[in-house]
Amino acid sequence: MEEMRFRELPFAKLKDRSYSHQRLLADQTRCESFRAAIQEAVKPGDVVVDLGTGSGLLAFFAVQAGARKVYAIELGPIVRYAERIAKRNKLDDKIEFIRGVSYDIEIPELADVVIGENLGSLGIEENILPMYQDAARRFLKPGGRMLPNKLAVSIALVSDTGIHSRYIDPWRSKMYGIDFDTFLHIQLQTLFLGHFDDERIITLPQLYSESILDQNLSYSETTDKTLQFDIDRPTTLSGFIAYFDASLTDSIRITNAPSSGKGSWDQVYFPIGELLQLKRGYKISVRIKFYTTRSDVIVSWRVTIAQENGETVYDYRSTRYPPLSMPADLIGPIKPPEIDPENRWIAFVLSRFDGSISREQLKDMLHAIDPELSGNFIERTLDLAFTYVGTQSISPELEVSERMNFLIQSHFDGLLCCDEIAEIIWTEFPETFSPSHALLRIQQNIEQCVASAIGV
């Protein structure tokens, strides 16, 4: 019998396997909503750009609506299958599939409509805002249309003892005589996905943000907002959820609000440190801060509970700030040594020196990642980083290999293992390193990176 052979599949290919697209295609509410919206937005003879075409579904809908030409942009290898589907359905003469990131793509003509389904469970974590801002400025005709055309994010407090009892509370007790509370710290910084029915919602939702997606779109990289909730009855608080509401056209909207039922998107759950018994009259303050880049979204949150007289009875703040696209995993067996936090911050700043980011943007980024950093500490960190590159220019630039090494050492916090750091490096530099190459590079350069960090 012939020996069975295996080969490594890069992470991107694993994510693009057909079963994930089958799940999306099976969501009739999602698909029919986009189909109806495209029928309404696209006119016969229109030129259309489809951002993140995936299986090609929205591009096919655009052709069915009468589009003369569709430029379907997709980074992942799924685009090859979308091309085959288009040819099989005799739609390929009107669709040009382009593999790449939309920021780097040029098209030969301006579009009447820009469409895309770049909505994560939180709405914003698939970078829809910077992507649509760029597309509106470079791809769209004056007065052109975008779909979706509005995106809102809402927050609601919830009571869910199940998540705590299953994922958080087990780490509070010793197991086999060993204290595993490090895992408790990790779990409390993890964002969970799940469907929360109305019975678990203990307050009316509040609007956190709303963005109009058109040619005037101007998003802020940092969003920092505090919401206030009043408790009108005794109840239990376990955390809060966030969800989106997107207007595809003026008459068609789609949402993953709890009342919408279970579909392709769950709600995003933000835990707090423990289950809390609330009394009538308590006031809950929820502060959420997002930092959005072209490649990721970093989030931190803080929940404060006060009695009617204003006295604070509980104050919880997240401390690890994981990127939304990378859930916290268990610590692996190969863990690099921990280095001084100040040197890690300097290394993080140096890892961002790609010639496109200013000192002021770096200040905002550091404050978004950790609101507790003082202004003096941030200024000193930036001074040392700029001194290292021998310039005080607005946007210094380092080689990719240097930035990667600095990014490696910036994650030597005693919590992440090499596998986790490798995935972060590959996410930051997907065109440069395969996942296995990133891990090998990290393993080969741990001592070098630690030495560099100490000498920064």
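Summing +1 for each Lys or Arg and -1 for each Asp or Glu, what net charge is found among the other residues whose Cβ lies under 12 Å from the Cβ of residue 222?
-1
Within 13 Å, Cβ to Cβ, of residue 238, how many net charges do the neighbouring residues add up to if Lys/Arg are +1 and Asp/Glu are -1?
So the surrounding residues net to -1.
So for 167, 291, fewest C-beta neighbours within 10 Å to most, what's the order?
Ordered by Cβ neighbours within 10 Å, fewest first: 167, 291.
Which entries in 225/283; 94/150; 225/363; 43/262 show an alpha-carbon gap greater than 22 Å?
94/150; 43/262
Rounded, prolate or oblate, given the Cα gyration tensor of the range 151-317, with a/c below 1.5 counting as rounded?
prolate
For residue 297, list long-range residues whose amide hydrogen, built 1.01 Å from N in the peptide plane, is under 5 Å from its own amide hydrogen.
Those lying under 5 Å, H to H, from residue 297 are 324, 325.
Can you give me the relative contact order of the range 130-252 as a percent, contacts being Cα pairs under 8 Å and 6 or more apart?
It comes to 51 percent, rounded to a whole number.
Short version: ³J(HN,Hα) in whole Hz for each residue of the range 242-259, in order, from phi by Karplus 6.51 cos²θ - 1.76 cosθ + 1.60 (θ = phi - 60°), x for Gly and Pro, what are they?
Couplings: 10, 8, 10, 9, 10, 8, 6, 9, 5, 10, 10, 10, 9, 8, 10, 4, x, 6 Hz.
Any idea how far apart residue 391 and residue 185 come out in nm if each label point goes 7 Å out from Cα toward Cβ?
3.7 nm
Need the full-extension length gain, residue 167 to residue 197, defined as separation in residues times 0.36 nm minus the C-alpha distance. One decimal, nm.
Gain on stretching residue 167 to residue 197: 8.9 nm.
Report ³J(HN,Hα) in whole Hz for each residue of the range 283-292, in order, from the Karplus equation J = 6.51 cos²θ - 1.76 cosθ + 1.60 where θ = phi - 60°; Gly and Pro get x.
10, 10, 10, 10, 10, 10, 10, 10, 10, 10
Just check the range 11-117 against the gyration tensor rule for me: Cα atoms, a ≥ b ≥ c as the square roots of the eigenvalues, rounded for a/c under 1.5, and otherwise prolate or oblate depending on whether a/b exceeds b/c.
Oblate shape, in that a/c is at least 1.5 and b/c is the bigger or equal ratio.
Collect residues whose amide H, placed 1.01 Å from N in the peptide plane, falls under 5 Å from the amide H of residue 111; neighbours closer than 5 in sequence don't count.
Those qualifying (amide H under 5 Å, at least 5 residues apart or on another chain) are 140, 141.
Around residue 209, which amide H atoms from residues at least 5 apart in sequence, or from another chain, sit under 5 Å from its own amide H, with H modelled in the peptide plane?
Residues meeting the criterion, in which the H sits 1.01 Å from N, are 153.
Can you work out ³J(HN,Hα) from phi for every residue in the range 87-102, in order, using Karplus 6.51 cos²θ - 1.76 cosθ + 1.60 and θ = phi - 60°, giving whole Hz and x for Gly and Pro?
These are the phi-based 3J(HN,Hα) values: 5, 5, 9, 6, 10, 5, 6, 10, 10, 10, 8, 10, 8, x, 8, 4 Hz.
Within 10 Å of each residue's Cβ, count the other Cβ atoms and sort 134, 160, 181 from fewest upward.
181, 134, 160
Take residue 22 and residue 109, extend 7 Å from each Cα along the Cα→Cβ direction, and tell me the distance between the two endpoints in nm.
With each label placed 7 Å out from Cα toward Cβ, I get 3.8 nm.
Set the Förster radius R0 to 35 Å, insert the Cβ-Cβ distance between residue 358 and residue 415 as r into 1/(1 + (r/R0)^6), and round the FRET efficiency to 0.05.
That pair, residue 358 with residue 415, gives E of 0.70.
Would you kindly state how much longer the chain becomes between residue 225 and residue 206 on full extension, computed as 0.36 nm times their sequence separation minus their alpha carbon distance, in nm to one decimal?
Net length gain for the segment: 5.7 nm.
Going 7 Å from the Cα of residue 40 along its beta-carbon direction, which residues of the range 149-163 have the amide nitrogen within less than 17 Å of the resulting point?
Residues 149-152 fall inside that zone.
Please arrange 226, 249 by counting, for each residue, the other beta carbons lying within 10 Å of its beta carbon, fewest first.
226, 249
Readers should treat all values here as calculations from the given coordinates under stated rules, not as data from a laboratory. All figures in this text were calculated on a predicted structure; none of them were measured in a lab. A quick note on method: Cβ atoms are made from the backbone with ideal geometry, for glycine too, and the neighbour counts reach across all protein chains shown.
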